[in-house]
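Okay, structure first, notes after.
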Amino acid sequence: MKTKTLLLAIATLVATGSAQAVGVGARVGTTGIGGDIGFSLAPTLLARIGYSYLNYSHTIDQTDVSYDGKLKLSNASLLLDWSPLGPFRITAGLMPNNNKLELNGRPTRSSYTLNGNTYQASDIGSLSGEVKTGNSVAPYLGIGYGNVATAGVNFYFDLGVMYMGTPKASLSAACGASLDAASCTQLHSDVAKEQQRLVDDLNGAKWFPVANIGVTIGF
């Protein structure tokens, strides 16, 4: 409820504020490729609405299983920029997101090791899962330079962190034809423990670093 109230307050501030200037920006960085619309609310206060996205693939070897991972970033942003010292500013707000990591396990040297037990590649029809952020709306705090609503063509950058919360993982396996019923039950038990290990090993992803740079056009 508090999150919804804060989102509504920021949206209302943008919609009803006596905007003195407006601008748009295009940026690239750790949250992906995206853009912003900025509104000047007061001489040192600006509201910013933005969105960014990026998909890329990489291999994860955090546990005894190797995963082909596809990271899908999708981040909106509702931010307030406070600039008490010229173009340098402090930024805070919320970042609604749908960030997730899709996983497909692959055997290492023709076998999988799950919870200390080894399975041949033919024993497992598929091993796949997903890791999602703990917070679908992440608080953000950072510093930066340049404001989107500044008149003319300028550049801006942001450095900060968004608190993603404890990651949530789901992992499942399909038993191969070579496994009997008891071995299949054991496989599912081992996959559940592998899922928890995956969460534990990715626990450092609670804090997501934000570093973006871009160009603005203000009116």
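For the reader, a short list of remarks on this structure follows.
- Number of residues in segment 58-78 that are open to solvent by 20 Å² or more (accessible area, probe 1.4 Å) and either at pLDDT 95 or above or in a strand (DSSP E or B) (or both) equals 9.
- Lone unmet requirement of (1) crowded, with 16+ Cβ neighbours inside 10 Å; (2) at pLDDT 90 or above; (3) among the polar types (S, T, N, Q) for N55: (1)
- Residue check, A149 of a type in the set (A, V, I, L, M), surrounded by 14 or more Cβ atoms within 10 Å (Cβ to Cβ) and out of contact with any helix residue (DSSP H, G or I) (no Cβ under 9 Å at 6 or more places or on another chain): yes
- Scanning segment 27-40 for residues that are open to solvent by 30 Å² or more (accessible area, probe 1.4 Å) and over 22 Å from the mean Cα position of the chain (by Cα) gives a single hit, F39.
- Segment 156-208: number of residues that are in a loop (DSSP other than H, G, I, E, B), touching a helix residue (DSSP H, G or I) at 6+ places or on another chain (Cβ under 9 Å), open to solvent by 20 Å² or more (accessible area, probe 1.4 Å) and more than 26 Å from S52 (Cβ to Cβ): 3
- Top-ranked residue of segment 36-58 - restricted to ones that are in contact with a Ser or Thr (Cβ under 6 Å, 6 or more places away or on another chain) and among the polar types (S, T, N, Q), ranked as nearest to V161 (Cα to Cα): S52
The values are calculated or read from the model by the stated rules, or taken from the named source; none is laboratory data. Model, not experiment: these values are computed from the prediction. No Cβ is skipped: glycine too gets one built from the backbone with ideal geometry, and neighbour counts run over all protein chains shown. Accessible surface areas use protein heavy atoms only, side chains included; no ligands, DNA or RNA. Shrake-Rupley method; radii C 1.70, N 1.55, O 1.52, S 1.80 Å.
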